[in-house]
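The values are calculated or read from the model by the stated rules, or taken from the named source; none is laboratory data. Bear in mind the structure is a predicted one, so any value in this text is a computation, not a measurement. All Cβ positions, even for glycine, are placed from backbone atoms using ideal geometry, and neighbour counts span all protein chains on display. The protein model used for the area step is the full one, side chains on, heavy atoms only, and it has no ligands, DNA or RNA in it. Shrake-Rupley method; radii C 1.70, N 1.55, O 1.52, S 1.80 Å.
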Amino acid sequence: MMMKSSEAKALLLSVAIVFVLIASCDAVYKKTTVGIVNQATGNPITVHCYSGDDDLGFKKLAFGESFAWSFRYSVLGNTRYICTINTDFGSGSYVAYKEGFIVDTCGLNCVWIVKQDGPCLQQTRGPLLCQKWQR
C-alpha cells in the first residue's frame, strides 16, 4: 500500500519535529557530573552507584581516589542515583543525585566527599552538607 503525498509530507514533518526536539533537549539538558571522593583515612572504601537505568558497578577507592560519571537527566524529571558506601567507619545508602533538591544544591557538578563521619555534598554555595553513617 502506497502513501499519499500528503501523508508522506506529514510523516516527514513529524520526524523532523522529533529530531528538532531531541537536538533542543541536548542543548537544554546539559550533562551533569557526579563524583565520589574518598577522604576517609584507613582501608579503601567500596562504592556502588546505580539508577533505575544504569548500574555503575562496585568501585574500590583508596584514600584520595575518586570516581565520577556524567549523564543527562531525564526530561520526565525522575533521574535519581543511589550510592551504597562501605567504610571502616560506617556504611549506608545515600541519594547521590535527585532532580530538584540535589541539582538545586550542587548544580551540574555534584561532588560527594566521603569522610570518617559520613558522606558530605559540596554545595554550590555554603558549607558541606554532611550526613551521618546509617550503620
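In table form, for the structure just shown:
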{"item": "Filtered residue count, segment 75-98, keeping only those that are over 9 Å from the mean Cα position of the chain (by Cα) and farther than 14 Å from ASP53 by Cβ", "result": "14"}
{"item": "Residue within segment 96-107 that is at pLDDT 95 or above, more than 16 Å from TRP133 (Cα to Cα) and either hydrophobic (A, V, I, L, M, F, W, C) or assigned to a strand (DSSP E or B) (or both) present", "result": "no"}
{"item": "Failed item in (1) modelled with pLDDT of 95 or more; (2) surrounded by 15 or more Cβ atoms within 10 Å (Cβ to Cβ), with LYS132 passing the rest", "result": "(2)"}
{"item": "Boolean, GLY64 is on the phi > 0 side of the Ramachandran plot and either under 12 Å from the mean Cα position of the chain (by Cα) or assigned to a loop (DSSP other than H, G, I, E, B) (or both)", "result": "yes"}
{"item": "Scope segment 89-128; condition closer than 19 Å to THR32 by Cβ, open to solvent by less than 20 Å² (accessible area, probe 1.4 Å) and not hydroxyl-bearing (Ser, Thr, Tyr); matching residues", "result": "ALA96, ILE102, CYS106, CYS110, TRP112, PRO119, CYS120, LEU121"}
{"item": "Residues satisfying the stated conditions in segment 54-88, i.e. open to solvent by 90 Å² or more (accessible area, probe 1.4 Å), among the hydrophobic types (A, V, I, L, M, F, W, C) and in contact with a strand residue (DSSP E or B) (Cβ under 8 Å, 6 or more places away or on another chain)", "result": "PHE58, PHE63"}
{"item": "Residues of segment 95-133 that turn out to be among the hydroxyl-bearing types (Ser, Thr, Tyr) and in contact (Cβ under 8 Å) with a residue 40 or more places away in the chain, as a count", "result": "1"}
{"item": "Answer from GLY77, GLY92 - the residue that is assigned to a loop (DSSP other than H, G, I, E, B) and of a type in the set (Gly, Ala, Ser)", "result": "GLY77"}
